[in-house]
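The structure under discussion appears below in the form of structure tokens.
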Amino acid sequence: MNAANRKLEFLVWGTLVLTILGIAAAFTISRYQAKTRVVLGDLPIVTSGLPAFTLTNQLGVPVTAASLTGNVVIADVVFTRCGGPCPQMTRKMAELQSAIPPQAPIRFLTFTTDPGYDTPAVLKKYGEKFGADFNRWSFLTGQNSEFAIVMREGLKLFTEEVKPQERLTPEDLFVHSTLFVILDKHGRLRGAFDKDDSDFIAKVKMATRQLAKEP
């Protein structure tokens, strides 16, 4: 097979994979939005709590599941080399940071899918670019094995590395969920929110207020 045919084949398969992922993402969003019922009188308990983990934040400080207890947590997953939705997601998190009073028991967590590149120093620079308040917002990196467990068991967020031969651009390194999830004071998953929802900020604020009132 010549180079032109190989390139065409990769393009066709790449488009097919992206279409399948798009369908899967749409299904996941609808499933979690149904569970979240953000008419917001009901935020069901989706998981029993975060699995034990120790990851490292942008300041080189360890962050554990236990250290988050007592705070409502808003979390997402990105990587700093992302040329796709990640900058938009981080801007959305920055909007939430501005919209929620600093004295509220709310913490923001951004996990990276790319710990080999996203060191604490890289994450610190990335956070500064978006005006992150590091007293409230942590960017977490660490062992792939721990990261995978937290994503799968605690946050129910999808992440997967794109194989080199399937990458359409140099930045096309990972596919991952673009949902924001919210955890209660006990680390239990209580809802998921679509970043493209026109009422995204209002719904997340309402959910955090509700969960902050819970014991």
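The values are calculated or read from the model by the stated rules, or taken from the named source; none is laboratory data. From a predicted model like this one, the values you see are computed outputs, not experimental measurements. Cβ atoms come from the backbone with ideal geometry, glycine included; neighbour counts cover every protein chain shown. Heavy atoms of the whole protein, side chains included, go into the accessibility calculation; ligands, DNA and RNA do not. Shrake-Rupley method; radii C 1.70, N 1.55, O 1.52, S 1.80 Å.
Only one entry in Ser198, Ser177, Ser145 is among the small types (Gly, Ala, Ser) and surrounded by 17 or more Cβ atoms within 10 Å (Cβ to Cβ), namely Ser177. What about Thr208, is it crowded, with 19+ Cβ neighbours inside 10 Å and over 16 Å from Val73 (Cα atoms)? Criteria not met by Thr208. Would you be able to say whether some residue in the range 105-116 is surrounded by fewer than 16 Cβ atoms within 10 Å (Cβ to Cβ) and of a type in the set (A, V, I, L, M)? Checked the range 105-116: no residue is surrounded by fewer than 16 Cβ atoms within 10 Å (Cβ to Cβ) and of a type in the set (A, V, I, L, M). In the range 93-113, the residues that are free of Cβ contacts under 8 Å to residues at least 24 places away in the same chain never reach a residue that is assigned to a loop (DSSP other than H, G, I, E, B) and of a type in the set (Val, Ile, Thr) with C-beta atoms less than 8 angstrom apart, at least six apart or across chains. Pairing residues of the range 50-78 that are on the phi > 0 side of the Ramachandran plot with residues that are part of a loop (DSSP other than H, G, I, E, B), at Cβ distances under 6 Å and at least 6 apart in sequence or on separate chains, gives Gly70/Lys185.
Note on the range 63-153: enclosed helices (runs of 4 or more DSSP H) holding 3 or more residues that are touching a Lys or Arg at 6+ places or on another chain (Cβ under 9 Å) are 86-99. No other residue among Leu40, Leu68 is modelled with pLDDT of 90 or more and open to solvent by less than 60 Å² (accessible area, probe 1.4 Å) apart from Leu68.
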